[in-house]
1. 7 Å from Cα along Cα→Cβ at both residue 505 and residue 15: what's the point-to-point distance in nm?
2. Considering the options 494, 469, 442, tell which one lies farthest towards the positive end of the dipole of region 398-500, charges being +1 on Lys and Arg and -1 on Asp and Glu at the Cβ, about the Cα centre.
3. Please quote Rg/Rh for the chain to two decimal places, taking the Kirkwood radius as Rh and restricting both calculations to Cα atoms.
4. For the Cα atoms of the chain, what angle does the longest principal axis make with the long axis of helix 423-455, in degrees from 0 to 90, nearest 10?
5. Taking the chain as the reference, fit the longest principal axis to its C-alpha atoms, fit the long axis of helix 256-266 to the helix C-alpha atoms, and give the angle between the two in degrees, 0 to 90, nearest 10.
6. Roughly to the nearest percent, how much of the accessible area of the chain is carbon and sulfur, given a 1.4 Å probe?
7. Provide the per-residue ³J(HN,Hα) series for region 98-107, in order, calculated from phi with Karplus coefficients 6.51, -1.76, 1.60 and θ = phi - 60°, each as a whole number of Hz, with x at glycine and proline positions.
8. Under a crude label model (7 Å from the Cα following the beta-carbon direction), how far is residue 257 from residue 383 in nanometres?
Amino acid sequence: GLELGVPPEMWGQGCLLGFAVSMIGAAGPSLDASRTAPARALAPGEYEAGQELRAVPLAWLGATGLVVSALLALPGPVQGMPLWGYASAFCLLLSLSCLAPAVVRGGGALTRMGRSVTPGSCSSAIGRIAIDQVARAPGRNGVTVSALMVGLAVMIGVGVMIHSFRRTVEHWIHQTVLADLVVAPTTWLQGDDSGMLSKRMPLAWRDTLTAIPGIAAVDPYRELTVELQGRPVSLVSRDLGLHAQRSRYLFLEGDSMLTLRRTVASEGVVVSEVLADTLGVRRGDRLRLVTPSGEATFPLVGVFYDYATDGGKLVMDGALYRRLWRDDTTTVLAVYLETDAQAAEVRRRIADTIGREGHVVVIGNSELKTEILAIFDRTFRVTYALEIIAVLIAVLGIVNTLLTSVVERQRELATLRAIGASRRQIARLVLWESCWLGLLGAGLGVPGGVFLSVLLIEVINKQSFGWTIQWSLPIELFLQAIGLALAAAVAAGYFPSRWAANQSVADGLKYE
């Protein structure tokens with residue numbers, strides 16, 4: 001049967017967090033309610049009149065919060081955690097939420113300023129009435145707009161981060177994964193225990209493969225986990241001379257071929273960007289590593305970009321590795337073909353030659369790259385579900401706001417019906433309000449998502465994993481976000497608009 005691996009303490013933590021957030025959220029309204037005189041509370045529009053007075057102070061608070069958010073992004077991590085980055089992201093969304101009431105009021109003011117140039121059709125009149133009505137309730141509508149803004153900002157921010165990360169990884173694999181074929185144990189992709197015997201192959205197979213017609217060179221790639229300065233690191237050995245000639249690493253500075261050749265000549269190492277940042281080392285430093293032959297010191301010749309591991313990677317020449325570790329096995333064999341060789345024919349020859357001796361799989365270059373990107377896409381698929389949940393919460397907020405507005409405006413809507421407005425026009429009025437709320441949410445959510453993506457890429461990701469991600473802005477994502485906001489607003493406004501249109505005129509006129 002299906003088993004959910006959620007420990008009981010996590011359920012408890014979730015319940016406590018939900019209870020705490022609910023209590024914090026109710027603190028402000030309950031305090032207001034306790035301080036409000038009954039006569040004032042019964043007066044129509046008293047709540048919104050008080051909220052309108054708070055719009056300007058909240059706007060100043062929001063503007064100040066944006067500055068504070070930028071300052072919070074400057075400090076480094078706390079014990080390896082980007083706590084200040086998280087605080088900056090929270091402050092960003094909170095500050096934009098504080099700006100929402102002012103944006104609601106400002107939208108109505110801009111519409112009133114443009115009435116002189118707006119055509120006087122019935123449709124434009126309904127639109128202006130709807131915008132004015134939204135602007136008259138900055139407190140309630142500001143909360144709705146901020147909820148939609150948060151959903152869209154998270155959607156855009158995370159989407160831009162994933163898109164940028166994927167583009168960076170795609171560029172990285174196309175620049176560094178250049179072997180035509182990869183020969184590996186069938187268990188290679190099943191976990192990361194690369195030191196197990198079942199996930200190693202005899203180094204002698206290198207000569208066996210080199211003898212096959214159509215194969216120009218074979219690079220034995222050995223990977224295992226070692227301890228460096230008290231932390232587990234991935235140690236990789238390969239023929240760096242061959243790698244310099246036929247492939248490359250993307251170094252932070254310096255040419256790949258020259259750097260790799262210097263590494264072989266100096267019996268040094270190159271490390272990934274993550275490991276260099278973690279250890280606080282740079283090119284020209286020396287690293288101490290305990291080997292089976294004793295402690296050894298290696299010059300650090302270069303630092304390269306790497307997205308295959310989050311714990312860091314150290315690379316040395318295969319000849320140096322075998323001398324110190326006395327290891328005659330390899331994890332995989334990277335095969336480079338001759339220019340006129342047929343990959344399918346060479347794969348068949350490899351299977352016929354060493355397929356009989358062990359369980360191996362031969363992977364083509366394009367297949368390997370496709371699999372890497374497929375794993376990447378599967379890893380981030382769950383984030384899309386979280387984004388949908390955030391938008392659904394915002395949709396429920398719009399529904400609640402419109403229903404409350406319809407209840408409070410029964411006399412106003414009934415009056416419009418009494419002076420000649422049709423049911424269809426009343427429904428369109430409420431739908432216009434819903435669409436305007438969606439546009440305001442998108443107007444705040446799009447810049448909020450851009451700022452959030454910068455925080456995620458440049459601060460939170462950098463401090464969490466040490467990866468350098470090239471920021472990329474997908475225009476289609478913004479169009480999708482705006483379209484989703486409008487679609488969600490229309491969907492959220494459908495039921496309230498139908499309900500408002502079907503209200504009894506007589507009951508509405510006598511409503512108190």
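1. 5.4 nm
2. Positive-most Cα among the choices belongs to 494.
3. 1.13
4. On a 0 to 90 degree scale, this one is about 40.
5. In the chain, helix 256-266 runs at an angle near 50 degrees to the longest axis.
6. Values: 16400 of 26320 Å².
After summing per-atom areas, the C and S share lands at 62 percent.
7. Rounded to whole hertz, the list is 5, 7, 4, x, 5, 5, 4, 5, x, x.
8. Each label point is offset 7 Å from its Cα along the Cβ direction, giving 3.7 nm.
The values are calculated or read from the model by the stated rules, or taken from the named source; none is laboratory data. Because the structure is a prediction, the values reported are computed rather than measured. So basically every Cβ, Gly included, is an ideal-geometry build from the backbone, and we count neighbours across all protein chains shown. Each accessible area value is taken on the protein alone, full model and side chains, heavy atoms only, with ligands, DNA and RNA left out. Shrake-Rupley method; radii C 1.70, N 1.55, O 1.52, S 1.80 Å.
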